[in-house]
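Here's the structure, in structure tokens; my notes come after.
The values are calculated or read from the model by the stated rules, or taken from the named source; none is laboratory data. Please read these numbers as outputs of a predicted model, since none were measured by experiment. Virtual Cβ from ideal backbone geometry, glycine too; neighbours counted across all protein chains shown.
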Amino acid sequence: MMKSTLSRIALVIGWVALATLGFAQDQSKRGSQTGSEMLRTLSSIHSQRAAHQGAAARDGDEPGPAGGASLANFSELMRLIESVVDAPWANNGGTATMVPFRQGVRIDAQGLIERLDETVPPDAPSLRVEFERGGRSEPIVRLDDLGIWQQPSPLRWVSLHALDAQVADCVRQGRSANFAMELLGGLCRIDYVAFDRSRGEWLIGGPAGNIVANAHGDLLHRELLLPPVLLEDLLTIAPQVLNGKGEFGCSIDPDQERLVAAYKMARSPNSLRELRSDPDYWAHEWKSKLGRQRAVVIGIPEDSPTGYALLIADSHMKRVALGLEPSVDGLKNYWLEADSISQIDKGPMVRWWFTLSDSRIPWDPERKIACMTESNVRVLSESQMFDERGSRVATERPDWAADAFAKGFTAKFSSLQRSYPVYGRLRHIFDLAVALEIVRAQMTAGYGKPFQCLHRIENQPRLPVAPKEIDSVVATRRSGNGDVAVIVSGGVSIVPRRTSERIRKAPGAFDELILETSPGELSDGTLNRSDAEQPFWR
């Protein structure tokens, strides 16, 4: 049966991964699986010593966010796995346990974001294989048995008000959300925001269901390759936007004193000689001098899983920029862009950050429907300099290579989502912010009944530990004009109120849309009531 042993297999389901040490997987079984076979593949079983368990507890690796209402957690699937998979589970006197990790990283007890996967920074990164039949990201596990919400639908309407009512029930009864709620009824993209006048409810709609797990453990829509939209992101963002609190996001920045020390080292004559003779060692020493960068979550709670996701996406984007992670076809990293234009500054500081795009949002003012098929995400850049105190200001001289990478990343964002699910979640966070701002503005004008829970900050999910620091993203490159060292900073800035600037009236554009029932959905009352007493989707 089990022939090969993997040192670690991770199942990333939205926000949680079940990481395994010493899990044996039968690699001879390919294709689709269901039932107990599916759960065997998905489960993360590892027999570990008490020391390992103690380390996990000390590092804050506990299932589900802590604090607040703790609505969004993954205990339901973990219990399901334990009930189906034949293993010596710890709660039955054995040694097998399940430990959650997020996006291949974790936060230790001091708030340091640590990478769990091995990083191989090639000189010329190869392209990451996209989700294709026969490729390394081929879907291997079907999840049809998880509920009726897994039924594929090209357009499923999720009622924010109906979902809000179920969240309110969970709060009153002191219980966690069920699996269907966790994944917003399997919604994998937000294409529309619409107002149902007959019920006074706001809806978000898009393709849903048809979710599979790939060989890396990512939960993705089988065709779109996007992860599901998460309840925990909705619960985090909604109070910020619906209450009109303004900007939210994150920032990753170097410590000023360490920054000055690092550049003094870089500019010394001895240091330059070491750089030319042993660039790898020099880069290690320079990074040590620079130290870790501050990870700051803005607007939303600093210990929110959504803020953590923003930090991870931002850091990963910078690693792609400097060639520390594989890119996608058609996107050049910073060094290749610099080679193309034959211009690069020695020792530059580059800032890249995510922000809302300026693409238009068609809006039917009569039916109160907005279409969000264009990306809400873009990347901007600027070149910076710093004074003797380490204070940073934008330079007047542009960094054309940095600008070119930012434009290329924005243009290839759809392809990047197919290769890295972390960007799929980033897309959902941006889309939720825009959708909720449209809802807020319209509810202020009298369209829509009040929410019971979505606007309440006490329901925002929390992590056991807030992220505080992350390893600096730095790189060196030997060019024809001399050795170059680059450090980057940046973050994510989402200002929901700017959505109004992008609205463009499109009367009659969505006359064919039907809000009562989604195309292909069951409409004969045969929904499985075990998924939800009253489904919040149509």
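Filtering 478, 502 for residues that are modelled with pLDDT of 95 or more and surrounded by fewer than 20 Cβ atoms within 10 Å (Cβ to Cβ) leaves a single hit, 502.
Scanning the stretch 227-272 for residues that are more than 30 Å from residue 190 (Cα to Cα), of a type in the set (Phe, Trp, Tyr) and surrounded by 24 or more Cβ atoms within 10 Å (Cβ to Cβ) yields no hits at all. Taking the conditions (1) of a type in the set (A, V, I, L, M, F, W, C); (2) farther than 19 Å from residue 312 by Cβ; (3) in contact with a Gly (Cβ under 9 Å, 6 or more places away or on another chain) in turn, residue 219 satisfies each one other than (2).
Evaluating residue 327 against the criteria (1) modelled with pLDDT of 95 or more; (2) under 17 Å from residue 418 (Cα atoms) leaves one unmet condition, (1).
Here residue 491 qualifies as under 30 Å from residue 284 (Cβ atoms) and modelled with pLDDT of 80 or more. Does residue 194 satisfy being modelled with pLDDT under 95, farther than 21 Å from residue 306 by Cα and in a strand (DSSP E or B)? In short, no.
Residues in the stretch 397-435 that are within 18 Å of the chain's Cα centre (by Cα) and aliphatic (A, V, I, L, M) were compared, and the one that is farthest from residue 336 (Cα to Cα) is 435. Got a sec? Which of 168, 180 is closer than 19 Å to residue 213 by Cβ, assigned to a helix (DSSP H, G or I) and among the small types (Gly, Ala, Ser)? Criteria check complete, one pass: 180. If you go through the stretch 160-209 and pick out every residue that is touching a helix residue (DSSP H, G or I) at 6+ places or on another chain (Cβ under 9 Å), under 20 Å from residue 513 (Cα atoms), small (Gly, Ala, Ser) and surrounded by fewer than 21 Cβ atoms within 10 Å (Cβ to Cβ), you end up with 1.
Considering the stretch 298-324, the residues that are among the acidic types (Asp, Glu) and surrounded by 21 or more Cβ atoms within 10 Å (Cβ to Cβ) include one that is nearest to residue 256 (Cα to Cα), namely 314.
Of all the listed residues (241, 328), the sole one being within 30 Å of residue 444 (Cβ to Cβ), touching a helix residue (DSSP H, G or I) at 6+ places or on another chain (Cβ under 7 Å) and of a type outside the set (Phe, Trp, Tyr) is 241. Tallying residues that are assigned to a loop (DSSP other than H, G, I, E, B) and in contact with a Phe, Trp or Tyr (Cβ under 8 Å, 6 or more places away or on another chain) within the stretch 326-342 yields 3. Taking residue 220, is it crowded, with 21+ Cβ neighbours inside 10 Å, in contact with a Phe, Trp or Tyr (Cβ under 6 Å, 6 or more places away or on another chain) and either among the acidic types (Asp, Glu) or assigned to a strand (DSSP E or B) (or both)? Taking the combined requirement at face value, the residue does not satisfy it. Of the candidates 412, 346, the single residue that is modelled with pLDDT of 95 or more and touching a Gly at 6+ places or on another chain (Cβ under 7 Å) is 412. Determine, yes or no, whether residue 283 is among the small types (Gly, Ala, Ser), modelled with pLDDT under 80 and either in contact with a strand residue (DSSP E or B) (Cβ under 9 Å, 6 or more places away or on another chain) or over 14 Å from residue 474 (Cβ atoms) (or both). Judged against the criteria, residue 283 is a match. Residue 223 fulfils the conditions (1) under 20 Å from residue 423 (Cβ atoms); (2) assigned by TED's automatic domain parsing to the domain that holds residue 495; (3) free of Cβ contacts under 8 Å to residues at least 24 places away in the same chain except for a single criterion, (2). Filtered by the rule that a residue be out of contact with any Cys (no Cβ under 6 Å at 6 or more places or on another chain) and either buried (at least 24 other Cβ atoms within 10 Å of the Cβ) or of a type in the set (A, V, I, L, M) (or both), the stretch 281-297 gives 283, 290, 293, 295, 296.
Here 238, 313 are screened, and the one residue that is part of a helix (DSSP H, G or I), outside the structural domain of residue 445 (by TED's automatic domain parsing) and not hydroxyl-bearing (Ser, Thr, Tyr) is 238.
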